[in-house]
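A short worksheet on the structure shown next.
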Amino acid sequence: MIVGHSRPAAPARYLVGRTGEAMSHDDTTEHDFTFVIRAEDHGRIRTLRFDRSDKLNAFTANGYDALTERLDEAAADPGVAVCVLTGEGRAFSAGVDLHAVSSPEGSAELGVHFNPMILALATFPKPLIAAVNGLAVGLGATLLLHCDLVVIDENALVRMPFVALGTCAEASSSWLLPKRVGPQEAMWMVLSGRFFTADEVVANGFALTKAPAGEAHDKAMEMAEELAAHEIAALVANKALLREGWAQQITEVWDREQTAMKAIAQELGPIGWSAKK
């Protein structure tokens, strides 16, 4: 099914833009905003694989729509017990595609498509596992906070670059991150704006476990198979109890974050590409 406290160095030939997206220096060709998500079923487990590897799986409006649609499909399918998110290539996701943001009315267009995706994540009723195969920056990192379990490749890096790039935390991460890692670790991850290794994010609780290089999806599938052996109704009921009130809180926090983003943009200027970062 296809829809259109040491600091590791940033990946060579790429700079991280203000929204967290990694952009190639030599990207001078006409830009393609198509974002493909491959849905792969294995028994009662559905993998949703981001397949825009030439752009490090950076999200466009098309990508927001695709993920929303695929999550809704998995939620409604009685044959799907567990869903796994992963990326193709060397990135889980490098965040938001800055070409989309910088296009005419690009930010406004992205916003219209972004909110339904956040709602789909916040209300997804079944277990959602992330298999972090590589770089997870900006939105690529905040997406992980909406997942119930996170498995990370031993070579993957995670970064929340918002402060360093002159903007604010997004997608309700200002509430979800402290819940996952505690207030001090959350402050450190956000305010430092640096890359965190797989060992670091497992140690602070951002991710549950680390997988050998190239095996994050395999490890996630093993965990998914354990969960999928249970009755879907029981999985759904228990997830709902464990996340009682989360959907409403996520919506309220995202509203606050958007207000803060607008205020800081008025002070520091609009979000854009910065070679200094």
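The values are calculated or read from the model by the stated rules, or taken from the named source; none is laboratory data. Small disclaimer: the values here were computed from a predicted structure and weren't measured. Don't worry about glycine lacking a Cβ; one is built from the backbone with ideal geometry, like all the others, and counts go over all protein chains shown.
Against the test of being within 21 Å of Gly134 (Cα to Cα) and surrounded by 19 or more Cβ atoms within 10 Å (Cβ to Cβ), the options Pro161, Pro212 yield a single qualifying residue, Pro161.
From the residues in region 114-137 that are assigned to a loop (DSSP other than H, G, I, E, B), over 14 Å from the mean Cα position of the chain (by Cα) and of a type outside the set (Val, Ile, Thr), which one is farthest from Lys239 (Cα to Cα)? The residue in question is Phe124. Just so you know, in region 66-113 the residues that are at pLDDT below 95 and acidic (Asp, Glu) include one that is farthest from the chain's Cα centre (by Cα), and it is Glu105. Inspection of region 128-138 identifies no residue that is at pLDDT below 95 and surrounded by 22 or more Cβ atoms within 10 Å (Cβ to Cβ).
Here Gly182 clears all of (1) of a type outside the set (A, V, I, L, M); (2) surrounded by 20 or more Cβ atoms within 10 Å (Cβ to Cβ); (3) more than 13 Å from the chain's Cα centre (by Cα); (4) modelled with pLDDT of 95 or more except the condition numbered (2).
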